[in-house]
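Single-structure report; data block below.
The values are calculated or read from the model by the stated rules, or taken from the named source; none is laboratory data. Predicted model only: the values in this text are computed from it and were never measured. Please note: Cβ atoms are built from the backbone with ideal geometry, for glycine as well, and neighbour counts cover all protein chains shown.
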Amino acid sequence: MALTLREEHGLALFLVLMFLIPCFLIIFVAQEVPYSAVSGEPVKEALAAAGVTVTSTKDVIWNLPGATGGKTYMLSDASGNSVTISTQSFESAEARDAVIRLYNSQTVGRGHPVGSLIVVGSQLVYVTPANSEILQEIGPVLRNRVK
């Protein structure tokens, strides 16, 4: 069964639109988080607001250009599951955004971490695992901190 020229053009247009529509949605719906200096420890404050207990805290500097330091929090939820939250501050918006682009460029299963990345001003917050109940509790508090 051969396609006519008109059907071929219609199929080509359909395929192009199926690619472009999600791209346009991502561009126009995605919200850019402005770079601003973050005072204090927003994750620690969000954990306290959510009533989550921190089992340990450690200072850490990610081996990335522009990273200036952060913390790693180990948590345990009520079910006994372990959750790790790492934060890192960056000296500029360009350095922070370069790390976000690097994170998003990795495909799942090919070096891409399985956690969730949240942007809070000049800081990146990485939560492992991404489907933890703690993330659902502290995520809205962190996002409100940015506004």
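Below, the figures for the structure above:
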quantity	calculated
Test: VAL120 is touching a Pro at 6+ places or on another chain (Cβ under 6 Å) and at pLDDT 80 or above	yes
Residue check, THR55 of a type in the set (Ser, Thr, Tyr), modelled with pLDDT of 80 or more, over 17 Å from the mean Cα position of the chain (by Cα) and assigned to a strand (DSSP E or B)	yes
Tabulated pairs, region 40-53, first closer than 15 Å to VAL83 by Cβ, second crowded, with 20+ Cβ neighbours inside 10 Å and of a type in the set (Phe, Trp, Tyr), C-beta under 8 angstrom, 6+ apart or interchain	VAL43/TYR73; LYS44/TYR73; LEU47/TYR73
Inter-residue pairs, beta-carbon under 8 Å, first under 16 Å from VAL99 (Cβ atoms) and in region 122-138, second aromatic (Phe, Trp, Tyr) and at pLDDT below 80, 6+ apart	SER122/TYR35
Options GLY66, GLY139; residue that is in contact with a strand residue (DSSP E or B) (Cβ under 8 Å, 6 or more places away or on another chain) and either within 18 Å of ALA37 (Cα to Cα) or at pLDDT 85 or above (or both)	GLY66
Residues of region 98-117 that turn out to be more than 9 Å from the chain's Cα centre (by Cα) and at pLDDT 80 or above, as a count	4
